[in-house]
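Structure, as structure tokens:
The values are calculated or read from the model by the stated rules, or taken from the named source; none is laboratory data. Predicted model, so just to flag it, every value in this text is computed and none were measured. Methodologically, a virtual Cβ is constructed for each residue, glycine included, from the backbone with ideal geometry; neighbour enumeration extends over all protein chains shown.
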Amino acid sequence: MARLPAIDLRINAVSGKLGRGRHTTRHVELFELPEGGLLADTPGFNQPDIRCLPEDLGNCFPEIRDRLQNAQCQFADCLHQREPGCIVQGDWERYPYYLELLEDCMVQSQTVSDSPNPEDVFKVKVTGDGQIQHEPRLQAKKYRRISRRSRQQTLQELRYELTDNLENLEERDEEDWDVDL
């Protein structure tokens, strides 16, 4: 690792065809960084994903919280980007990182708002000639046929249950079967 050269980690070459590396991590490990903090190496984790509303991101930066304690921005919905009268934007060390994360939050927020709501009654379809049609949204899996695999698995489970029940019946004493007619 370029950041921590003393650490001996198993790595693979970057694929020439895809231009991407492969996951080689098999366990979770924490490494102490020389400048402070920890670096986590975990399997299946390749990039952080920030799930935060753009208006809440400022709460994650102590520099922003400190500046807002002493004064107030001109607008209540200020994102501390390019708004006039903003007391946060400006010359502080991590401000470029804030702007970068803010952009990520805005893209994430837009992606979520653009995705269809599964609870909608209608879905919108665009035909080949560009016309928009509204179709009723069917309940998921309600009108689908059960697959052969699922039916077979259900039958297998029932067979195992039946076998267990029969074995339990055979183990009972004959006295348990005494029934008055």
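What do you reckon, is Q81 more than 24 Å from T111 (Cα to Cα), free of Cβ contacts under 8 Å to residues at least 60 places away in the same chain and part of a loop (DSSP other than H, G, I, E, B)?
Here the answer is no, as Q81 does not meet what is asked.
Tell me, please, whether a residue that is at pLDDT below 80, surrounded by fewer than 10 Cβ atoms within 10 Å (Cβ to Cβ) and not in a loop (DSSP other than H, G, I, E, B) can be found in region 113-126.
Within region 113-126, one or more residues are at pLDDT below 80, surrounded by fewer than 10 Cβ atoms within 10 Å (Cβ to Cβ) and not in a loop (DSSP other than H, G, I, E, B).
So how many residues does region 27-69 have that are within 20 Å of Q110 (Cβ to Cβ) and assigned to a helix (DSSP H, G or I)? Spell out the reasoning first.
Step one: list which residues in region 27-69 are within 20 Å of Q110 (Cβ to Cβ), which gives 47-58, 60.
Now narrow it down to the ones that are assigned to a helix (DSSP H, G or I): 54-58, 60.
Total meeting the criteria: 6.
Can you find, within region 137-181, the residue that is modelled with the lowest pLDDT among those that are assigned to a loop (DSSP other than H, G, I, E, B) and hydroxyl-bearing (S, T, Y)? Explain how you work it out, then say what you get.
Step one: filter region 137-181 for residues assigned to a loop (DSSP other than H, G, I, E, B), giving 137-147, 172-173, 178-181.
Pick out the ones that are also hydroxyl-bearing (S, T, Y) and you get 143, 147.
Values: Y143: 69, S147: 86.
Among residues in region 137-181 that are assigned to a loop (DSSP other than H, G, I, E, B) and hydroxyl-bearing (S, T, Y), the one modelled with the lowest pLDDT is Y143.
Taking the residues in region 83-94 that are more than 14 Å from L68 (Cβ to Cβ) and not acidic (D, E) as candidates, determine which candidate is modelled with the highest pLDDT. Spell out the reasoning first.
Narrowing region 83-94 to residues more than 14 Å from L68 (Cβ to Cβ): 84, 91, 93-94.
The next check asks that each one be not acidic (D, E); those that pass are 84, 94.
Numbers: P84: 87, R94: 91.
Here the answer is R94.
Looking only at region 52-80, which residues are loosely packed, with under 10 Cβ neighbours inside 10 Å and at pLDDT below 90?
N70, A71, A76, D77
Just to be sure, is D56 under 17 Å from L99 (Cα atoms) and either under 21 Å from the mean Cα position of the chain (by Cα) or hydrophobic (A, V, I, L, M, F, W, C) (or both)? Reasoning before the result, please.
Values: under 17 Å from L99 (Cα atoms): yes; either under 21 Å from the mean Cα position of the chain (by Cα) or hydrophobic (A, V, I, L, M, F, W, C) (or both): yes.
Yes; evaluated as a whole, the condition is true for this residue.
Run down V88, V107 and say which single residue is touching a residue at least 12 places away in the same chain (Cβ under 8 Å) and surrounded by 10 or more Cβ atoms within 10 Å (Cβ to Cβ).
V88
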